[in-house]
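Following this message is one structure expressed as structure tokens.
The values are calculated or read from the model by the stated rules, or taken from the named source; none is laboratory data. Since this is a predicted model, take the numbers as computed values, not measurements. Reconstructed Cβ throughout: ideal geometry from the backbone, glycine too, with neighbour counts over all protein chains shown.
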Amino acid sequence: MASAARPPASADALSATDAVPSVSPMGSTPAFSPLYQQIKGLILQSLQQGEWKPGEVIPSEFDLASRFKVSQGTVRKAVDELAADHLLVRRQGRGTFVATHTEQHVQYRFLRLQPDQGTADEEGPAQRDVVDCRRQRASADIARVLGLRAGDAVLQARRLLRFSGVPTILEDIWLPAGPFKGLTAERLADHHGPMYALFEAEFGVRMVRADEKLRAVLPDTAQATLLGVDTTTPLLSVERIAYTYNDIPMELRRGLYRTDTHHYYNRLS
């Protein structure tokens with residue numbers, strides 16, 4: 001997701017000009033931000049504050065233009081960017097909706113593993129086994145990634161994903177304990193859809209973007225046993241940091257992927 005410019009103090013401060021001056025961090029040279037970016041920031045602010053929930057329709061471009069005292073074209077450009085960022089979804093004849101991880105076409109947007117034979121749809125959803133879920137204190141490296149202090153409470157979960165009965169992905173997941181109060185292994189096991197849909201529906205946390213790092217590694221004994229391989233089998237290590245609105249980190253996920261029957265696929269454009 002592209003970083004939104006800082007929204008103005010109020011909608012009344014906006015005009016129909018092409019750009020709005022703002023003060024640079026050093027307080028010396030004025031910086032100019034396109035007006036549609038200012039509107040994008042205000043819409044993002046409303047999304048973050050929960051004014052419109054995932055799956056709900058947002059006001060029309062006409063109503064937003066009236067609210068922010070700008071042209072519909074300016075609003076349209078802001079909404080177009082938010083749709084390209086997968087935060088909003090346009091539906092012909094119905095309006096624009098807040099995107100949700102429960103929708104079929106975005107359910108697995110963050111899962112890039114594809115079968116070597118056939119398609120992901122033919123293979124079907126993964127079977128999920130929750131190995132563990134416990135509350136613990138964050139180590140220094142986990143705290144740094146999640147924007148916490150060392151020793152702050154986090155939830156750590158481990159789960160195994162099977163495709164056609166074959167263990168394929170082993171994931172270790174760390175979450176800040178505060179926003180996910182009440183999350184247990186039982187709740188994870190009882191939820192049969194994508195984990196991010198659970199976070200969104202039950203905890204009000206929507207993951208909007210993620211950064212990933214990939215490398216080849218060898219598993220330790222416990223990891224190899226869970227994945228049904230030996231310790232000399234190379235695996236794909238995928239470390240992901242997932243963010244909610246305003247680039248706030250909400251999850252660290254370290255996954256080990258078997259690639260004897262699957263491959264990591266990403267389309268670059």
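Go through segment 82-95 and report how many residues are in contact with a strand residue (DSSP E or B) (Cβ under 9 Å, 6 or more places away or on another chain) and closer than 17 Å to Gly41 by Cβ.
Counting residues in segment 82-95 that are in contact with a strand residue (DSSP E or B) (Cβ under 9 Å, 6 or more places away or on another chain) and closer than 17 Å to Gly41 by Cβ gives 5.
State yes or no: is Asn266 out of contact with any His (no Cβ under 6 Å at 6 or more places or on another chain) and on the phi > 0 side of the Ramachandran plot?
Taking the combined requirement at face value, the residue does not satisfy it.
Any idea which of Ala216, Ala201, Ala185, Ala222 is within 20 Å of Val89 (Cα to Cα) and either at pLDDT 90 or above or out of contact with any strand residue (DSSP E or B) (no Cβ under 9 Å at 6 or more places or on another chain) (or both)?
Residue meeting the stated conditions: Ala201.
Pick from Arg144, Arg162: which is within 20 Å of the chain's Cα centre (by Cα) and not aromatic (Phe, Trp, Tyr)?
Checking each option against the conditions leaves just Arg144.
Suppose the filter is farther than 23 Å from Tyr264 by Cβ, hydroxyl-bearing (Ser, Thr, Tyr) and under 23 Å from the mean Cα position of the chain (by Cα); does Thr184 pass it?
Taking the combined requirement at face value, the residue satisfies it.
Restricted to segment 89-146, and to residues that are part of a helix (DSSP H, G or I) and at pLDDT 90 or above, which residue is farthest from Arg206 (Cα to Cα)?
Restricting to residues being part of a helix (DSSP H, G or I) and at pLDDT 90 or above, the top hit is Ala140.
Just for segment 146-187: of the residues that are closer than 25 Å to Gly50 by Cβ and either among the polar types (S, T, N, Q) or touching a residue at least 60 places away in the same chain (Cβ under 8 Å) (or both), which one is surrounded by the fewest Cβ atoms within 10 Å (Cβ to Cβ)?
The extreme case among them is Gly147.
One line per residue, one yes/no per condition, for (1) of a type in the set (D, E, K, R); (2) touching a strand residue (DSSP E or B) at 6+ places or on another chain (Cβ under 9 Å); (3) at pLDDT below 90; (4) buried (at least 17 other Cβ atoms within 10 Å of the Cβ):
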{"position": "Pro194", "(1), (2), (3), (4)": "no, no, yes, yes"}
{"position": "Ala197", "(1), (2), (3), (4)": "no, no, yes, yes"}
{"position": "Glu212", "(1), (2), (3), (4)": "yes, yes, no, no"}
{"position": "Leu236", "(1), (2), (3), (4)": "no, yes, no, yes"}
{"position": "Asn246", "(1), (2), (3), (4)": "no, no, yes, no"}
{"position": "Glu251", "(1), (2), (3), (4)": "yes, yes, no, yes"}
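Can you pull out the residues in segment 253-269 that are surrounded by fewer than 19 Cβ atoms within 10 Å (Cβ to Cβ) and farther than 18 Å from Ile173 by Cα?
Scanning segment 253-269 gives Thr259, Asp260, Thr261, His263, Tyr264, Tyr265, Asn266, Arg267, Leu268, Ser269.
Would you confirm whether any residue within segment 35-48 is assigned to a loop (DSSP other than H, G, I, E, B) and without any contact (Cβ under 8 Å) to a residue 24 or more places away in the chain?
No, the conditions are met nowhere in segment 35-48.
For Val79, are the conditions met, namely being part of a helix (DSSP H, G or I) and in contact with a strand residue (DSSP E or B) (Cβ under 8 Å, 6 or more places away or on another chain)?
yes
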